[in-house]
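Following: one structure in structure tokens, then a few remarks.
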């Protein structure tokens with residue numbers, strides 16, 4: 001059974017038919033929020049950033065939200081293959097011990113431990129990320145407005161109910177409660193058109209890197225918001241996936257003629273706009289914004305062969321509880337199996353077969 005499905009938008013498909021896919025064709029690589037699901041992309045990350053993309057010389061925009069931001073920041077480190085291996089190992093082995101007498105781990109405990117993990121991972125190496133000679137990192141965050149401007153035990157839940165209801169009416173209405181704030185390295189322009197949603201761009205520098213990255217990963221009510229990030233408007237910042245879950249962005253508007261392809265390793269075919277759109281199936285379809293995209297995703301039938309018949313996800317923390325060894329075994333089994341996806345992509349690049357390319 002094939003593990004990898006390859007999808008392409010109309011313009012990307014025409015490009016593949018005429019030119020195939022070369023490293024020099026890639027101008028943007030997005031990386032979605034999705035927690036442990038992103039683990040399935042580890043072998044693809046190591047192949048793309050360790051073996052394939054270094055064969056070219058153009059600048060590439062790396063756009064990430066939540067775990068996707070962590071993955072793309074890791075791609076900017078020296079020796080990215082070793083860095084991705086460590087990311088996979090550290091993420092799989094993370095464990096939040098339930099204190100005696102508590103029914104759940106507090107958001108403060110998770111935030112404190114996660115911040116320590118980021119410091120251990122990137123401490124002393126932030127300059128590597130921000131000064132990469134080719135990669136321009138863009139970290140997505142969600143900046144609270146109105147009742148969400150500051151985290152509060154009463155007003156924050158009310159604010160998120162209001163945000164949910166506003167989003168039901170129209171995605172743009174969510175902007176009244178949560179603003180998209182993008183932290184970009186090296187003064188890079190946004191690699192997508194931002195007219196779809198309330199957007200602010202800020203400089204990503206050493207002084208705000210850790211806060212911006214932690215904010216991008218701060219799931220509401222699971223982690224605490226990050227407040228008052230240096231160089232950005234004051235207020236609370238949460239997970240970038242709330243506003244941009246799978247980065248369904250207007251890439252063609254900012255496409256570079258020399259590197260026209262958006263290469264998207266993803267854990268599913270659907271590119272869902274925002275986290276609050278997960279249940280709104282009518283917003284899961286492809287649009288013209290994805291016309292230049294080549295999307296790599298696991299075959300759903302192959303996913304059923306993985307441990308528990310699914311991708312790793314956050315429900316596994318509850319499924320396994322304090323049984324760390326069993327969760328590590330399941331997630332490690334999934335990531336090892338995912339090497340097949342990277343192998344199949346490498347084979348396709350050597351012998352492109354358009355019959356294997358499906359429409360997004």
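The values are calculated or read from the model by the stated rules, or taken from the named source; none is laboratory data. If you're wondering where the values come from, they're calculated on a predicted model, not measured in any experiment. Counting neighbours? That spans all protein chains shown, and the Cβs are built from the backbone with ideal geometry, glycine included.
A few points about this structure:
- Looking across 290, 295, one residue alone is touching a residue at least 60 places away in the same chain (Cβ under 8 Å), within 18 Å of the chain's Cα centre (by Cα), surrounded by 24 or more Cβ atoms within 10 Å (Cβ to Cβ) and under 26 Å from residue 175 (Cα atoms). It is 290.
- The residue list 62, 21, 41, 16 contains one member that is touching a strand residue (DSSP E or B) at 6+ places or on another chain (Cβ under 7 Å) and part of a loop (DSSP other than H, G, I, E, B), which is 21.
- Number of the condition not met by residue 211 [criteria: (1) crowded, with 19+ Cβ neighbours inside 10 Å; (2) assigned to a loop (DSSP other than H, G, I, E, B)]: (2)
- Extreme residue, surrounded by the most Cβ atoms within 10 Å (Cβ to Cβ), among residues of segment 226-242 that are over 11 Å from residue 211 (Cβ atoms) and over 12 Å from the mean Cα position of the chain (by Cα): 238
- Failed item, numbered, when residue 231 is tested on (1) part of a helix (DSSP H, G or I); (2) at positive phi; (3) touching a strand residue (DSSP E or B) at 6+ places or on another chain (Cβ under 8 Å): (1)
- Residue count, segment 86-120 (criterion: without any contact (Cβ under 8 Å) to a residue 40 or more places away in the chain and assigned to a helix (DSSP H, G or I)): 9
- Residues that are in contact (Cβ under 8 Å) with a residue 24 or more places away in the chain and out of contact with any strand residue (DSSP E or B) (no Cβ under 7 Å at 6 or more places or on another chain), drawn from segment 139-155: 146, 147
- Within segment 127-157, tally of residues that are under 19 Å from the mean Cα position of the chain (by Cα) and in a helix (DSSP H, G or I): 2
- Residues that are at pLDDT 95 or above, on the phi > 0 side of the Ramachandran plot, crowded, with 18+ Cβ neighbours inside 10 Å and under 21 Å from the mean Cα position of the chain (by Cα) do not occur anywhere in segment 38-57.
- Candidate set: segment 344-360, residues that are touching a residue at least 40 places away in the same chain (Cβ under 8 Å) and part of a helix (DSSP H, G or I); chosen: the one nearest to residue 296 (Cα to Cα): 345
- Residue selected from segment 318-345 under the condition buried (at least 17 other Cβ atoms within 10 Å of the Cβ) and out of contact with any strand residue (DSSP E or B) (no Cβ under 9 Å at 6 or more places or on another chain), by the criterion nearest to residue 102 (Cα to Cα): 320
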